[in-house]
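Working notes, structure below.
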């Protein structure tokens, strides 16, 4: 592999945030990485910003899609081009703490893990911290069916152990579909309780719309995992119970 880590970043009209996202990768204590940014036919000046970074840092690679194709296609395009052993995900409006890659990859190696994740902070559109999400230290395929414990911008999987695994081609929650597929193969894994990323909560994000999230959760059960109605209902009830109070936020700051 040419790089230790390939950072997978889909981008669509993220001009307000993409600079800080890129800088959070450039500021990593582990510097052996490539960042593959797939612009999903943005109509703002995202491409111009990314081009400026790619000119001064050859590790930053821009790929432009000819039409708006959605996050699954964008991420899968980046995965197909990845030259790193470790496939790490970072959305265009999220941030990594400086020690994220070094800390997490050391954790993977020390524990012989093919897939890991971490806790993360919640920030608003201005980058102000409004809460946190503390993940579970251990997850299994069954526990993930009940609730998603992995934030996309915290996830890393090992190509040497798993090969390249792609996201299902659905419009939402395709990352969750990928985590389930990985866990179906490996059974269980561990995460880091320490927050290593900041997840931006936007008014139009899936996390901010519980009803929309629930709809796509049901689609994962029925269309992607092809579970029967009764089993889907069983897991959906767990998801509903766990999902209502998923995030801890400071209400006085929102």
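The values are calculated or read from the model by the stated rules, or taken from the named source; none is laboratory data. Only a predicted model underlies this, so the values are computations on that prediction, with no experimental measurement involved. Here the Cβ is made from the backbone with ideal geometry for all residues, glycine too, and neighbour counts use every protein chain on show.
From 119, 153, 149, 143, grab the single residue that is within 16 Å of the chain's Cα centre (by Cα) and in a helix (DSSP H, G or I).
Details: 119 fails: in a helix (DSSP H, G or I); 149 fails: in a helix (DSSP H, G or I); 143 fails: within 16 Å of the chain's Cα centre (by Cα).
None of the others qualify; the one that does is 153.
Kindly indicate whether residue 165 is within 18 Å of the chain's Cα centre (by Cα), closer than 21 Å to residue 93 by Cα and either at pLDDT 90 or above or outside any helix (DSSP H, G or I) (or both). Break it down stepwise before answering.
Values: within 18 Å of the chain's Cα centre (by Cα): yes; closer than 21 Å to residue 93 by Cα: no; either at pLDDT 90 or above or outside any helix (DSSP H, G or I) (or both): yes.
Here the answer is no, as residue 165 does not meet what is asked.
What do you reckon, is residue 44 touching a residue at least 12 places away in the same chain (Cβ under 8 Å), in a loop (DSSP other than H, G, I, E, B) and under 18 Å from the mean Cα position of the chain (by Cα)? Give the steps one after another, and end with the answer.
Numbers: touching a residue at least 12 places away in the same chain (Cβ under 8 Å): yes; in a loop (DSSP other than H, G, I, E, B): yes; under 18 Å from the mean Cα position of the chain (by Cα): no.
Here the answer is no, as residue 44 does not meet what is asked.
Does any residue of segment 158-165 turn out to be more than 16 Å from residue 115 (Cα to Cα) and in contact (Cβ under 8 Å) with a residue 24 or more places away in the chain? Quick ask: steps written out before the conclusion?
Step one: filter segment 158-165 for residues more than 16 Å from residue 115 (Cα to Cα), giving none.
Checked segment 158-165: no residue is more than 16 Å from residue 115 (Cα to Cα) and in contact (Cβ under 8 Å) with a residue 24 or more places away in the chain.
Among the residues in segment 14-25, are any in a loop (DSSP other than H, G, I, E, B) and within 15 Å of the chain's Cα centre (by Cα)?
Taking segment 14-25 as the starting set, the residues that turn out to be in a loop (DSSP other than H, G, I, E, B) are 14-17.
Restricting the remaining residues to those that are within 15 Å of the chain's Cα centre (by Cα) gives none.
For segment 14-25, residues in a loop (DSSP other than H, G, I, E, B) and within 15 Å of the chain's Cα centre (by Cα): absent.
How many residues, within segment 122-138, are assigned to a strand (DSSP E or B) and out of contact with any helix residue (DSSP H, G or I) (no Cβ under 7 Å at 6 or more places or on another chain)? Quick ask: steps written out before the conclusion?
So in segment 122-138, the residues assigned to a strand (DSSP E or B) come out as 122-123, 129-133, 138.
Now restrict to residues that are out of contact with any helix residue (DSSP H, G or I) (no Cβ under 7 Å at 6 or more places or on another chain): 122-123, 129, 131-133, 138.
Within segment 122-138, residues that are assigned to a strand (DSSP E or B) and out of contact with any helix residue (DSSP H, G or I) (no Cβ under 7 Å at 6 or more places or on another chain) number 7.
Could you tell me whether any residue of segment 122-129 is touching a residue at least 12 places away in the same chain (Cβ under 8 Å) and under 16 Å from the mean Cα position of the chain (by Cα)? Before you say what the answer is, go through the steps one by one.
Here is the first cut: in segment 122-129, the residues touching a residue at least 12 places away in the same chain (Cβ under 8 Å) are 122-125, 127-129.
Right, trim to under 16 Å from the mean Cα position of the chain (by Cα) and you get 122-123.
Yes, segment 122-129 contains a residue that is touching a residue at least 12 places away in the same chain (Cβ under 8 Å) and under 16 Å from the mean Cα position of the chain (by Cα).
Quick one: which residue in 178, 196, 227, 202 is surrounded by 12 or more Cβ atoms within 10 Å (Cβ to Cβ), modelled with pLDDT of 90 or more and over 25 Å from residue 107 (Cα atoms)?
Working: 178 fails: over 25 Å from residue 107 (Cα atoms); 196 fails: over 25 Å from residue 107 (Cα atoms); 202 fails: modelled with pLDDT of 90 or more.
On inspection, the qualifying residue turns out to be 227.
Looking at (1) over 17 Å from residue 81 (Cβ atoms); (2) under 17 Å from the mean Cα position of the chain (by Cα), find the lone condition where residue 35 falls short.
So the condition that residue 35 fails would be (1).
Could you grab me the full set of residues in segment 131-172 that are more than 17 Å from residue 199 (Cα to Cα) and touching a strand residue (DSSP E or B) at 6+ places or on another chain (Cβ under 8 Å)?
Listed by number, the residues that qualify are 137, 138, 139, 140, 141, 157, 158, 159, 160, 162, 164, 165.
Regarding segment 96-116, can at least one residue be identified that is over 17 Å from the mean Cα position of the chain (by Cα), buried (at least 18 other Cβ atoms within 10 Å of the Cβ), touching a residue at least 40 places away in the same chain (Cβ under 8 Å) and not in a helix (DSSP H, G or I)?
Yes, segment 96-116 has at least one match.
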